[in-house]
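Asker: Before I ask anything, let me first share the structure, which is written out below as structure tokens.
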Amino acid sequence: MFITAVILSIILALVSAGAGAPKALLKGPASEQLTGRNLSPNLVRFIGAAEVAGAIGLVIGIFWHPLGIAAGIGLAIVFIGAVVFHAKFGDYSNAETRGASLPAGVLAIVSIAVVITLAAA
């Protein structure tokens, strides 16, 4: 179970850091999309910082599981919020925006899997 927890934690940490860093710096298309949908730049930065902090917490959590579990829960909250946000704007029913919206749901599921595997390890 520990190996599964490590693999899931590393994958989720890499994806979260890669998605969060541009938001924290207000760069890239995701930041533009979020600010274009009336989210304040400070909120977009906060979301990006939360994703980066979650990634750091997951990496440290490999060695200290309570932090990894907390980081996984935090990322699950962020990604579930992203699913709700995309659903609110109808992104899942629009063929043009569906592809960019689906990763939020997948990452929410992976975050929950990380929490479960770290708790069981």
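Asker: Kirkwood-based Rg over Rh for region 44-121 (C-alpha set), two decimals?
Answerer: So for region 44-121, dividing Rg by the Kirkwood Rh gives 1.05.
Asker: Could you state the accessible area per residue of the chain in Å², with a 1.4 Å probe and every protein chain left in place?
Answerer: 54 Å²
Asker: First compute the accessible area of the chain with a 1.4 Å probe, then give the percent of it belonging to carbon and sulfur atoms.
Answerer: 75 percent
Asker: Helix hunt in the chain: which complete DSSP H runs extend at least 24 Å axially by C-alpha with mean Kyte-Doolittle at least 0.0?
Answerer: Taking the DSSP H segments of the chain (at least 24 Å long, mean hydropathy at least 0.0), we get 2-24, 41-61, 65-88, 95-120.
Asker: Here is a follow-up. Among F46, F79, F89, which one shows the biggest mean-square fluctuation in a GNM of the chain, springs joining Cα atoms closer than 10 Å?
Answerer: F89
Asker: Please report the relative contact order for the chain, taking Cα pairs under 8 Å with a sequence separation of at least 6, and give it as a percent rounded to a whole number.
Answerer: RCO, the chain: 30 percent.
Asker: Name the most mobile residue of V110, V59, V15, meaning the one with the largest mean-square fluctuation, in a Gaussian network model of the chain with Cα contacts below 10 Å.
Answerer: Of V110, V59, V15, the Gaussian network model singles out V15 as fluctuating most.
Asker: Report I73's accessible area, 1.4 Å probe, all protein chains in place, as a number in Å² to the nearest 10.
Answerer: It works out to around 80 Å².
Asker: Between A100, A70, A17, find the one with the highest GNM mean-square fluctuation for the chain; connect C-alpha pairs within less than 10 Å.
Answerer: Evaluated over the chain, the most mobile residue of the options is A100.
Asker: How much net charge surrounds L26 when only the other residues with a Cβ under 11 Å from the Cβ of L26 are counted, with Lys and Arg +1 and Asp and Glu -1?
Answerer: Every neighbour counted, the sum reads +2.
The values are calculated or read from the model by the stated rules, or taken from the named source; none is laboratory data. Owing to the predicted nature of the structure, the values given are computational and were not obtained by experimental measurement. Quick reminder, even Gly has a Cβ in these numbers, built from the backbone with ideal geometry, and neighbours come from all protein chains shown. SASA here: full protein model, heavy atoms, side chains in, ligands and nucleic acids out. Shrake-Rupley method; radii C 1.70, N 1.55, O 1.52, S 1.80 Å.
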